[in-house]
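Accompanying notes for the structure given below.
The values are calculated or read from the model by the stated rules, or taken from the named source; none is laboratory data. Because the structure is a prediction, the values reported are computed rather than measured. All Cβ positions, glycine included, derive from the backbone under ideal geometry; neighbour counts span all protein chains shown. Each accessible area value is taken on the protein alone, full model and side chains, heavy atoms only, with ligands, DNA and RNA left out. Shrake-Rupley method; radii C 1.70, N 1.55, O 1.52, S 1.80 Å.
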Amino acid sequence: MRSIAEIAARLQGYDPQALSADAVNAFLAQLVEPVRDTEEVAVFEALGRVLADDLISPISVPPHDNSAMDGYAFDSSQLRPDAPLALEMVGTALAGKAWQGSAGPGQCVKIMTGAIMPAGLDTVVPQEFATVRAEPFDGAQGGPVEAGASTSTGSVRTVVLIPPNLLQAGDNRRLKGEDLHQGQPALLAGERLLPAAVGLVASLGLKTVKVRRRLRVAYFSTGDEILSLGEAPREGAVYDSNRYTVFGLLTRLGCEVIDMGVVRDEPALLEAAFAQAAQRADAIITSGGVSVGEADYTRAMMKKLGDVAFWRIAMRPGRPMAVGRIGDAVLFGLPGNPVAVMVTFLAFVRPALLRMMGANAANPPLLKARSMEAMRKKPGRTEYQRGIVTRTQDGSLAVRTTGNQGSGVLSSMVQANGLVVLHHGQASVAAGDEVDVMMFEGVI
Ligand code: AMP
Ligand code: MG
């Protein structure tokens with residue numbers, strides 16, 4: 001584990017008083033390490049967990065060629081461009097059991113979605129495109145059916161007419177192993193098991209999967225003006241919201257949360273809280289008390305107990321932040337303002353926690369949207385504006401801000417569906433310019 005000073009020394013242009021957002025992320029990538037312990041969990045328990053090892057597929061999925069549609073399976077070499085193909089239906093292949101018969105030239109098999117393709121048949125005509133009719137049958141087996149030719153008495157056979165120029169060889173057939181190949185990695189270590197991945201694990205017939213242990217994150221709010229729920233209002237005090245947003249953000253990320261409440265601004269209480277959090281958790285998140293000139297003990301206690309850097313980040317909102325280690329736990333000392341808490345979490349803490357979880361998930365992709373308004377911006381800092389992205393009539397994306405962008409205005413985060421990211425070097429934006437947006441969907 002490298003100290004704050006060691007990491008700082010290796011970082012190009014490290015200036016704790018004016019750190020760029022990129023430099024913060026580069027620093028944190030050096031600071032954190034993935035948890036090592038793993039456990040085997042049932043597939044239902046695996047949602048949101050991080051895969052410990054590459055998952056090698058023990059089977060092919062699907063295990064055999066099968067039909068993608070309800071229809072009629074046939075041998076496509078009989079298709080002609082100029083005439084419909086008339087085939088005698090000689091059986092039915094149901095999903096879940098192999099049809100035992102064999103179909104020769106001039107024959108087809110009624111087939112259900114998912115049923116194994118009978119031997120020698122490679123194409124399926126969907127039932128809605130086939131014309132089916134019953135025909136009297138003279139008893140002779142096999143051979144192409146001549147439309148309307150049969151007159152003799154006896155049994156009735158079912159004839160399927162396939163229109164010309166509709167199908168190509170292999171249409172509506174799913175190939176064995178087209179999803180996953182036996183012996184190949186189906187998922188790579190570090191994959192966050194979201195619903196599709198959980199389903200994929202199950203599709204391999206696996207009942208359990210090896211994942212990294214859950215990351216334990218302790219959090220508390222600081223500040224003598226912060227009221228816990230249930231406390232009577234008093235002048236100058238506000239109810240604690242940060243613990244609840246942090247709880248939500250961590251829970252969404254799949255962390256094990258350790259809620260340590262509101263810690264009053266007394267050295268003994270702060271010391272006990274930090275010590276306990278460091279013992280129980282891999283990471284500690286606090287809010288409040290990290291800006292310069294705070295008349296409180298939070299900064300002093302972080303300094304006393306850990307190896308901590310105090311930064312001024314070139315960003316808005318959320319300038320002050322403390323980062324380091326207390327014991328073996330990584331400390332993220334976030335500012336107090338509720339929007340700043342969420343923005344610093346999304347911009348820095350979330351990527352760092354994902355690394356600690358062992359996830360190789362990159363940052364969420366930024367979307368481009370046309371700004372519906374001008375935005376004043378000075379180059380030299382990153383700004384995160386609360387944005388509402390909508391689809392315009394021509395189908396492109398447009399974004400407007402929520403109005404009041406104060407860092408204490410939590411309602412702006414509720415109205416917004418994403419953050420407009422005005423990058424470090426970017427200058428003011430004119431109405432109609434394209435801007436980057438980090439969408440909240442799947443993130444918070
Ligand atoms: P600080 O970073 O401690 O200077 O706090 C900045 C602003 O955020 C102040 O107006 C605080 O009252 C507010 N604040 C700090 N912690 C919380 C919290 N847990 N919930 C809501 N507001 C808070
Ligand atoms: Mg304060």
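Structure values in brief
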| read-out | value |
| --- | --- |
| Net length gained if the chain between LYS207 and ILE59 were fully extended (0.36 nm per residue, minus Cα distance) | 51.9 nm |
| Most mobile listed residue (GLY418, GLY327, GLY170) in the chain, GNM with C-alpha springs under 10 Å | GLY170 |
| FRET efficiency for ALA5 and ASN363, using Cβ-Cβ distance with R0 set to 30 Å, rounded to 0.05 | 0.65 |
| Rounded to whole Hz, the Karplus (6.51, -1.76, 1.60) HN-Hα couplings of region 402-409, x for glycine and proline | 7, x, 3, 9, x, 6, x, 8 |
| Sulfur and carbon atoms: percent of accessible area, region 366-439 [1.4 Å] | 52 percent |
| Whole-number percent relative contact order across region 66-174, with pairs defined as alpha carbons under 8 Å at least 6 apart | 38 percent |
| Förster radius 22 Å - calculated FRET efficiency between ALA189 and GLU256 (Cβ-Cβ, nearest 0.05) | 0.60 |
| Trypsin sites (Lys or Arg not before Pro) within region 33-129: DSSP coil, no more than 11 neighbouring Cβ in 10 Å | ARG36, LYS97 |
| Rel. contact order, % - alpha carbon contacts under 8 angstrom, at least six apart, the chain | 16 percent |
| Cross-link reach list, aspartates and glutamates versus LYS377, counting only Cα pairs under 16 Å and skipping chain neighbours closer than eight places | ASP433, GLU434, ASP436 |
| Segment THR92-THR113, extension gain: residue separation times 0.36 nm, minus the distance between their alpha carbons | 6.4 nm |
| Solvent-accessible area per residue, Å², over region 366-439 with all protein chains present [probe radius 1.4 Å] | 50 Å² |
| Residue-by-residue Karplus 3J(HN,Hα) for region 123-135, coefficients 6.51, -1.76, 1.60, Hz, glycine and proline x | 9, 10, 8, x, 4, 6, 9, 9, 9, 10, 9, 8, 10 |
| Dipole of the chain [Lys/Arg +1, Asp/Glu -1 at C-beta], most positive-end residue of VAL125, CYS255, PRO320 | PRO320 |
| Lysines with Cα under 26 Å of LYS207, excluding same-chain neighbours fewer than 8 positions away | LYS97, LYS176 |
| Helix-only [θ]222 nm of the chain, DSSP H runs n ≥ 4, -39500 (n - 2.57) each, per residue, nearest 500 | -5000 deg cm²/dmol |
| Distance in nm between pseudo-label sites at PHE247 and ALA431 (7 Å out along the Cβ direction from Cα) | 4.3 nm |
| GNM top mover of ALA281, ALA83, ALA352 - the chain, alpha-carbon springs below 10 Å | ALA83 |
| Approximate spin-label separation ALA272-ALA18, in nm, with each point projected 7 Å along Cα-to-Cβ | 4.4 nm |
| Aspartates and glutamates whose Cα lies under 13 Å from that of LYS304, excluding same-chain neighbours fewer than 8 positions away | GLU271 |
| DSSP bridge pairs, the chain: antiparallel proportion in percent, nearest 5 | 70 percent |
| Surface per residue (accessible, 1.4 Å probe) for region 146-239, Å² | 57 Å² |
| Gained length - ARG391 relative to ASP328, 0.36 nm times residue gap less alpha-carbon distance | 18.0 nm |
